[in-house]
1. State, as an integer percentage, the relative contact order of the chain based on alpha-carbon contacts under 8 Å between residues 6 or more apart.
2. Taking all pairs of different Cα atoms in segment 43-151, averaging 1/r and flipping that mean, what Kirkwood radius in angstroms comes out?
3. Taking the dipole about the Cα centre of the chain, with the C-beta of Lys and Arg at +1 and of Asp and Glu at -1, give me whichever of Q21, L37, T148 is farthest to the positive side.
4. For the pair Q65/I207, report the inter-label distance in nm, with labels modelled 7 Å from Cα in the Cβ direction.
5. Between Y144 and Q14, what is the FRET efficiency for a Förster distance of 25 Å, r being their Cβ-Cβ separation, to the nearest 0.05?
6. With a cap of 11 neighbouring Cβ atoms within 10 Å, and only residues DSSP puts in a loop, list the trypsin sites (Lys or Arg not before Pro) found in segment 103-189.
7. For segment 103-166, I need the span (max minus min coordinate) of the C-alpha atoms along each principal axis, in Å, sorted largest to smallest.
8. What list do you get for F111, F67 if you sort them by fewest beta carbons within 10 Å?
Amino acid sequence: MTEQYRQACNFVSQYIFFDNQFDLTYQSLNKKLYSDLRGLFGLKSQLAQSSIKMTIARYKTVKQQLFQNPYRYKDEDGRWQRIPKTLEWLWNPVFFCRPQADLVRNRDYSFVDDGQVLSINTLGKRTKCTFEGEHFAGYLNVSYQLGTAKLVELKGRWYLHIPVTKAVEDFQKECVRQVVGIDRGLRFLAVSYDEQGKTKFVSGKKIATKRHKFQEVRNSFRPKGQNQRSANSKPFLGERTVGCLM
C-alpha cells in the first residue's frame, strides 16, 4: 500500500508539472485523476484523495521555499541573477522517494478493542495489529482529536505518526502569578530572570561541541558534492520533509 501510494503521489506530481500548469486546485485535480488513481494503483477512495492532497501540500511547500529563498545563478556575463518566485521555474517535478501513506482517522485507521488494537485500511481488506502504546491510551479520550496519520517503515518496523490536538482555555492575564524573562543564545542556550531576582543559566557547551562535529562532517562532504555539480546545473527540488516523520 505504501509503495502504491508513493507511486500515486508521483503520478499526481507528474500531471501537475507537465499537464496542469501548476494548478493546485483540489477539485480540478480530483475530477481529472481520481479514476486513474483508483484503477492504476488500486487505491481505495480515501487514499486516492489523500494522495492528491499530499502532492498539493508538497508543491505549496516548495512554492513557499522559493519565495523565501529564490534560486540564484550566474548568467553568461558572470553576474548573479534570481529566478522569479514561482513554480514555473522548477526544472523537475516534485518526487516522492519514500514509501508512505496518509491515513484519515476513522476512514483509513481506527482503534478498536478499547484502544488495544489498531485497524488499518490496505489495498485489500483492513488489517488489525497491536502496537506499542504504553503512553498513548490517554490520547484516546474525547478531549483529544486525532488527525490524519502518516504510515512509514524504517528498518523493518512500522511507525504511525498521529497529530493530536486539544482545545484549551484562553489565556487569562489575571491568572499570571509571576513573570519570567528568558533570553536564548548560543554560548548559553537560555538565561532566565524572574521578578524575585532569581537567575538560571543553561550551558550550551555540549551542544556547541556537537554542532562543531556536525559541521566538520558537512565540510568533508562538500568538496565531493561541488566536484559532481557543474556550474550550470539546473535546480531540483525533490521530496522535502515537513514536520517530523521519523
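What follows draws every value from the coordinates through simple rules; no lab data is involved. The structure presented is a predicted model; accordingly, all values stated were derived computationally and were not measured. Glycine gets a Cβ as well: all are built from the backbone with ideal geometry, and neighbour counts include every protein chain shown.
1. Values: 292 pairs, mean separation 42.7, N = 246.
The value is 17 percent.
2. 17.5
3. So the residue we want is Q21.
4. 2.5
5. Efficiency computed from Cβ-Cβ geometry: 0.10.
6. K125, K155, R177, R187
7. The Cα atoms of segment 103-166 stretch 32, 24, 20 Å along their principal axes.
8. Sorted ascending by nearby Cβ count, the order is F67, F111.
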